[in-house]
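*Asks:* Before I ask anything, let me first share the structure, which is written out below as structure tokens.
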Amino acid sequence: MESFKLKVLTPVCCFYEDDVTMAEFTTTSGNVGIYKGHIPMTFVVAPGALTMHKEGEIKKAALLSGFVQVLGDRVTILAEACEWPEDIDEDRCKEAMERAKRRIESKEENIDLARAELALKKAFVRLGVKDGTY
């Protein structure tokens, strides 16, 4: 299988840059898998796992939001945040999940429901990538 260049940039660093044979991630339109030679496209990232395939090896990271540019021989992801499983603080994620659940269940008028639901989804993704269930 042919490889292509995958580059993941965050506001603080170049998170990942290497050749891969496939990249999978979640977009606002659903899950996608990209191989070399994919037609040029752009995507809006939704919270989910970024799965990188390289020579029989699979790496996963929590990809929380951003934009993706797909060209024939390279894919560039501009991410708000991307985290390796070992860098995810499980206790912090659980606290964020509980806060988001309380906001959603409170039914208060001044609560930004969409923001609380997004925070819940991000915490769920982080925990899933951390424990390998996502």
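*Asks:* Roll a 1.4 angstrom probe over the protein heavy atoms and tell me the percent of accessible area of the chain that is carbon or sulfur.
*Replies:* Solvent-exposed carbon and sulfur of the chain make up 50 percent of the total.
*Asks:* Obtain the nm distance between the two label points defined at Glu105 and Ile58 by a simple spin-label model: each point lies 7 Å from its Cα along the Cα-to-C-beta direction.
*Replies:* 3.4 nm
*Asks:* Run lengths n ≥ 4 of DSSP H only: what is the helix-derived mean residue ellipticity at 222 nm for the chain, with -39500 (n - 2.57) per run over all residues, to the nearest 500?
*Replies:* Estimated from H runs of four or more residues: -9000 deg cm²/dmol.
*Asks:* If packing is taken as the average count of other Cβ atoms within 10 Å, what order do 126-133, 33-40 fall into, highest mean first?
*Replies:* Put in order of decreasing packing, that is 126-133, 33-40.
*Asks:* How high is the relative contact order of the chain, in percent, counting Cα pairs under 8 Å that sit 6 or more residues apart?
*Replies:* Here the relative contact order equals 21 percent.
*Asks:* Can I get the semi-axes of the chain's equivalent ellipsoid? Compute them from the C-alpha gyration tensor as square roots of 5 times the eigenvalues, in angstrom, largest first.
*Replies:* Ellipsoid semi-axes (Å, largest first): 30, 16, 11.
*Asks:* With the other protein chains left in place, how much accessible area per residue, in square angstrom, belongs to the chain at a 1.4 angstrom probe?
*Replies:* Per residue, the chain has an accessible area of 60 Å².
*Asks:* Now, a different point. Could you please report the charge total around Phe15, scoring K, R as +1 and D, E as -1 over all other residues with beta-carbon less than 12 angstrom from its beta-carbon?
*Replies:* That works out to -3.
*Asks:* Against the 2.2 N^0.38 Å scaling, with N counting residues, where does the stretch 68-116 land? I'd like the Cα-based Rg ratio to two decimal places.
*Replies:* The stretch 68-116 yields a ratio of 1.72.
The values are calculated or read from the model by the stated rules, or taken from the named source; none is laboratory data. Remember, it's a predicted structure, so these values are computed and weren't measured experimentally. Virtual Cβ from ideal backbone geometry, glycine too; neighbours counted across all protein chains shown. Calculation scope for accessible area: heavy atoms of the full protein, side chains included, ligands and nucleic acids excluded. Shrake-Rupley method; radii C 1.70, N 1.55, O 1.52, S 1.80 Å.
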